[in-house]
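Bear in mind that the values in this text are calculations on the coordinates, not laboratory data. The shown structure was predicted, so the numbers you read here are calculated from the model rather than taken from an experiment. Cβ sites come from the backbone with ideal geometry, for glycine too, and all protein chains shown count toward neighbours.
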Amino acid sequence: MASNKERGEIIRRQILRDVKHHPKDIAKHISNIFSISPQATYIHLRRLESDSWLSSQGKGKGKQYFLGDRRKYQSLFELSEAFTEDKVWRDHFAFIFEGLSEDLIDICHYGFTEMVNNSIDHSEGKTVYITVERDLENVTMLIIDDGEGIFSRIKRLCNLTDEKQAILELSKGKLTTDPDNHSGEGVFFTSRIFDLFEIDSTGLKFSHQDKLEFDFLVDSNLLQESSGTLVYMKINRKSDRTIKGIFDDFTAGPDDFQFNKTVIPVKLAAYENEKLVSRSQAKRLLIRVERFTNVIFDFSDVLSIGQAFADEIFRVYATKHPNIVLLPVEMSDAVEMMVNRAIANKT
């Protein structure tokens, strides 16, 4: 039997589910469902309104209740043939975004549909759990499937050395295990249109934060003993970011609408506490770089590199691919010295 606290939460969830269809008689409607008095129902209504989950208009018998500024929906869905990302958005989650700015809705719709579609097309799982919440400051979305795990899948299908290499490739963009049906841009652009984007799978977490100049990778115990992928996205409701602005950041110019620029966080090429000194490490970093025409190497949080590492990128690779612009940024003095030496030795 549910405790009084649990029963109260059940009643309040029912109110939020039904108020849209019972704005004038929600108290009577809930009283009939739970066999409680209207007065007891009004206690829950007042609490929800005080916490901004509900709003109201009018007084006395003419009072009407509506969904408030805070909204949330969560549910577990089967990944069946009938389950599609656009339908689940429309049927279950679209109401959360009513009244928000068009740019914010576009961003959330893009991220939601891209990540849910990944669960449908790539996870090979049976279920996906989705939570979307809008509070007074942020919109957050959580998508968890029970499939193979994104890093393990990329490692297997792309013949990579390990899951950390898969994360590095994801951070570049244009990575897909199904090139006939997907461009490989979804995860990359989604990570950059939100304030915070995280993927957690098989004991590893990839995180991109808008306020930080580099992506980072940490160990995670969340899904270490199980399969599946967790994606978390958050954006402030006052964000002035637009999808067009993010897409423009990764095209070469106003007349070039292809995804042809990438920012590579060099830090992700280093495993554990190893130093970036070898040609093999540089070659690992350069995988699929030829798909872009402008490549920015972000050396944030990299204190030094070896001569062979720098030479492989900025002399050997640059000489073989003269049409690709390789731009190093955020370099320490030691890194800049090695990069400049490699560039100076180009023939």
Inverse of mean 1/r across different Cα pairs in the range 4-67, Kirkwood, Å: 11.5
Taking the Cα centre of the range 288-328 as the origin, how large is its charge dipole in debye, to the nearest 20, when only Lys and Arg (+1) and Asp and Glu (-1) carry charge on their Cβ atoms? 200
In terms of the alpha carbon gyration tensor, root eigenvalues a ≥ b ≥ c, rounded if a/c is under 1.5 and otherwise prolate when a/b exceeds b/c or oblate, the range 1-139 is prolate
Shape of the range 251-344 from its Cα gyration tensor (a ≥ b ≥ c, root eigenvalues): rounded if a/c is under 1.5, otherwise prolate when a/b > b/c, or oblate? prolate
Roughly how big is the range 251-344's charge dipole about its Cα centre, with Cβ charges of +1 (Lys, Arg) and -1 (Asp, Glu), in debye to the nearest 20? 380
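Relative contact order of the range 28-85: what whole-number percent is it, with Cα pairs under 8 angstrom and at least 6 residues apart?
Reported relative contact order: 20 percent.
Tally Lys/Arg at +1 and Asp/Glu at -1 over every other residue whose Cβ is under 13 Å from the Cβ of G306; what's the total?
On the way: positive: K275, R279, R341; negative: E274, D311, E312.
Net local charge, G306 excluded: 0.
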Which of K205/K267; K5/K234; K5/K63; K24/K61; K24/K72 have a Cα-Cα distance over 19 Å? K5/K234; K5/K63; K24/K72
Residue-ordered couplings for the range 63-72, obtained by feeding phi - 60° into the Karplus form 6.51 cos²θ - 1.76 cosθ + 1.60 and rounding to whole Hz (Gly and Pro as x), are 6, 10, 10, 9, 4, x, 6, 8, 8, 7
Tabulate in residue order the Karplus-calculated ³J(HN,Hα) for the range 112-119, using 6.51 cos²θ - 1.76 cosθ + 1.60 with θ = phi - 60°, rounded to whole Hz; enter x for Gly and Pro. 4, 5, 5, 6, 5, 4, 4, 5
Residues meeting the amide H criterion for N138 (H placed from the backbone, H to H distance under 5 Å, 5 or more places apart or on another chain) are R237
In whole Hz, the Karplus estimates of ³J(HN,Hα) for the range 98-104 (6.51, -1.76, 1.60; θ = phi - 60°; x where Gly or Pro) are 4, x, 7, 5, 4, 4, 5
